[in-house]
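Here's the structure, in structure tokens; my notes come after.
The values are calculated or read from the model by the stated rules, or taken from the named source; none is laboratory data. All values derive from a computational prediction rather than experimental measurement. Cβ coordinates were reconstructed from backbone atoms using ideal geometry, including for glycine residues, and neighbour counts include every protein chain displayed.
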Amino acid sequence: MREGYAAVMPANAYNWVAVWRRNFLAWRKVALASVLGNLADPMTNLFGLGFGLGIIVGLIDGTSYIAFLAGGMVATSAMTAATFETMYAAFARMRAQRTWEAILCTQLTLGDIVLGELAWAATKAVLAGTAIAVVAATLGYAAWASILYSIPAIAITGFVFASLAMVVVSLAPSYDYFVFYQTLVVTPMVFLCGAVFPVSQMPSAFQRVAGLLPLAHSVDLIRPVMLGLPAGGIGLHIGALCMYAVLPFFLSIALFRRRLMR
Amino acid sequence: MSTVAIDLTCVRKSYGDKIVVNGLSFAVASGECFGLLGPNGAGKSTIARMVLGMVAPDTGKMTVLGEPVPARARLARARIGVVPQFDNLELEFTVRENLLVFGRYFNMSAREVEAVVPELLEFARLESKADARVAELSGGMKRRLTLARALINDPHLLVMDEPTTGLDPHARHLIWERLRLLLARGKTILLTTHFMEEAERLCDRLCVLEAGRKIAEGEPRALIDEQIGCQVIEIYGGNPHELSSLIRPYARHIEVSGETLFCYAPDPEQVLVQLRGRAGLRLLQRPANLEDVFLRLTGREMER
């Protein structure tokens, strides 16, 4: 049995690149629509909440509300981009388009495919998150250099949420089930994890829950960088995010093996 | 490389209570075309997937191109080309892009792929379609592209799951011709099919399957001679039971399947004499084929 699982793990450190490049080629053909689609939602949130609520809220921790919100929206858009790319696009490649089936006939393994898909979803998360950061910097809510520093955090956020969504994909019988993950996990996280208001506003029990959620660690990494503030507990945040990226990755491979290779 | 391309020993696979592959053993020699023949649900596709390491057997031993499968199936797959039952080409990509992307899955560089693309396009007769989107191709062209794609890594072994199902006769003959060319070049082919004609035309040897069990194995001609060994008269119309008692003395064997009566007759003339003058009968005399073998062995026709 153990031998069976070993055979489906990533075969080496570079096989996944072929899968990433396949997705990149497909994306290039529809890039403009894809980028606009990924940007519209977080932009609406940033300006709608930022300017609208910003008037009522005033300053948070000494910065304007919209500047506070910018870091949260960068993390949120990275989360959303990676989640949706994995749930809908990767699911389609696994099922309707039979792309995975074709790849499994080559010398790539299931693990290579999953890793390539995660890397691709993380790439899209970097595009989406960085675009929001660029808008924020253009409007003067963040320093330009801070974008560069926040990219690694955005990328790991993308990996985390692609990895989590991959577990959902490996279990979901059809598209209809994704809405549960979206409404019961992803959306509540936006509000629990300090993306739109400080975690300290919540009752302490909720704060403890937030401390366990991956988006909170992303926000705590990205926001201070964008605001030019000192960040605390970087090691803890990175460690937690790595766990959230790696464990679901292996879990999803094991689940896909049961699903696709029986 | 060893001269045995595929070796299965006592392979068994079941899903719940349903036994899909039941103690199957066979060996495919390098350079031969080996057919897995049987009706839908006989376990052909499961066996093809097992050979590729995509399905692990419950018990039994498998070796493919010298590698134990499924444990080291990846290394075997590096030297295998696969034509799946259902096309899984990239519809939004061009023909050339499909080959490029697939070549990368075998760690081929763009230059290496470019070097073999013209030859593959010529082989698939798709030279004029290199930059056409796959979605615009006909069913036969897609099938030929799938075949070309399967050759991108210059495989020793081709695994083909129902390669011509759903094609019109013209497209099917073109594929058969291409496959014979590959055999002439020394490739080994494992072919699953429920087309008797396909199996007869292409396969050096074949294994007839029913419900996951091997019911016969051998060269197509030898199987036909051994199991039937005479002419066949198909009789349509009339009451099969009445007719069968009439001609039984002159027949080696009689099968009734649906409305058709199959009469295996060493001396067909004598049977025809008996039936002469009967109204409403349609008769067809022909040499025996694998369809008859299957009917003989299982007592029923292949489902189409």
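The table that follows gives values for the structure above.
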| quantity | calculated |
| --- | --- |
| When residues of the range A:77-110 are limited to those that are within 29 Å of A:Arg223 (Cβ to Cβ) and of a type outside the set (A, V, I, L, M, F, W, C), the one surrounded by the most Cβ atoms within 10 Å (Cβ to Cβ) | A:Thr86 |
| Residue in the range A:88-109 that is among the β-branched types (Val, Ile, Thr), farther than 23 Å from A:Phe159 by Cα and touching a Lys or Arg at 6+ places or on another chain (Cβ under 7 Å) present | yes |
| Selected residue (only one of B:Arg296, B:Arg248 is on the phi < 0 side of the Ramachandran plot and free of Cβ contacts under 8 Å to residues at least 40 places away in the same chain) | B:Arg248 |
| Filtered residues of the range B:24-49 (kept if within 14 Å of another protein chain (Cβ to nearest Cβ) and among the polar types (S, T, N, Q)) | B:Ser45, B:Thr46 |
| Qualifying position, being at pLDDT 95 or above, more than 11 Å from chain B (Cβ to nearest Cβ) and assigned to a helix (DSSP H, G or I), among A:Thr44, A:Thr83 | A:Thr83 |
| Candidates B:Met50, B:Met54, B:Met108 - the one that is buried (at least 24 other Cβ atoms within 10 Å of the Cβ) and either in contact (Cβ under 8 Å) with a residue 60 or more places away in the chain or within 24 Å of A:Thr109 (Cβ to Cβ) (or both) | B:Met50 |
| Qualifying residue in the range B:192-199 (condition: under 10 Å from the mean Cα position of the chain (by Cα) and among the polar types (S, T, N, Q)) | yes |
| Search result, residues across the range B:84-105 that are hydroxyl-bearing (Ser, Thr, Tyr) and touching a residue at least 12 places away in the same chain (Cβ under 8 Å) | B:Thr94 |
| Conditions (1) surrounded by fewer than 18 Cβ atoms within 10 Å (Cβ to Cβ); (2) touching a residue at least 24 places away in the same chain (Cβ under 8 Å); (3) over 27 Å from A:Ser174 (Cβ atoms): number failed by A:Tyr5 | (3) |
| All positions within the range B:205-237 that are among the small types (Gly, Ala, Ser) and in contact with a Lys or Arg (Cβ under 7 Å, 6 or more places away or on another chain) | B:Gly218, B:Gly237 |
| Cβ pairs under 9 Å, 6+ apart, first in the range B:265-284 and under 15 Å from B:Glu242 (Cα atoms), second aromatic (Phe, Trp, Tyr) and in a strand (DSSP E or B) | B:Leu281/B:Tyr236 |
| Total residues in the range B:71-126, condition β-branched (Val, Ile, Thr), part of a helix (DSSP H, G or I) and facing another protein chain (nearest Cβ under 8 Å) | 1 |
| Any hit, the range B:50-67, residues being within 14 Å of chain A (Cβ to nearest Cβ), farther than 24 Å from A:Trp16 by Cβ, in contact with a helix residue (DSSP H, G or I) (Cβ under 8 Å, 6 or more places away or on another chain) and of a type in the set (D, E, K, R) | no |
| Enumeration of residues in the range B:129-139 that are surrounded by fewer than 16 Cβ atoms within 10 Å (Cβ to Cβ), assigned to a helix (DSSP H, G or I) and touching a helix residue (DSSP H, G or I) at 6+ places or on another chain (Cβ under 9 Å) | B:Glu136, B:Gly139 |
| The range B:1-45, residues that are part of a helix (DSSP H, G or I) and surrounded by 22 or more Cβ atoms within 10 Å (Cβ to Cβ) | B:Lys44 |
| Some residue of the range A:20-38 being surrounded by fewer than 19 Cβ atoms within 10 Å (Cβ to Cβ), more than 14 Å from chain B (Cβ to nearest Cβ), over 21 Å from the mean Cα position of the chain (by Cα) and outside any loop (DSSP other than H, G, I, E, B) | no |
| Search result, residues across the range A:145-196 that are touching a residue at least 24 places away in the same chain (Cβ under 8 Å) and of a type in the set (Phe, Trp, Tyr) | A:Tyr149, A:Phe159, A:Phe161, A:Tyr175, A:Phe178, A:Tyr181 |
| Boolean, A:Thr130 is touching a residue at least 24 places away in the same chain (Cβ under 8 Å), β-branched (Val, Ile, Thr) and within 23 Å of A:Ala6 (Cα to Cα) | no |
| All strands (runs of 3 or more DSSP E) inside the range B:140-222 with 1 or more residues being touching a residue at least 12 places away in the same chain (Cβ under 8 Å) and small (Gly, Ala, Ser) | B:213-218 |
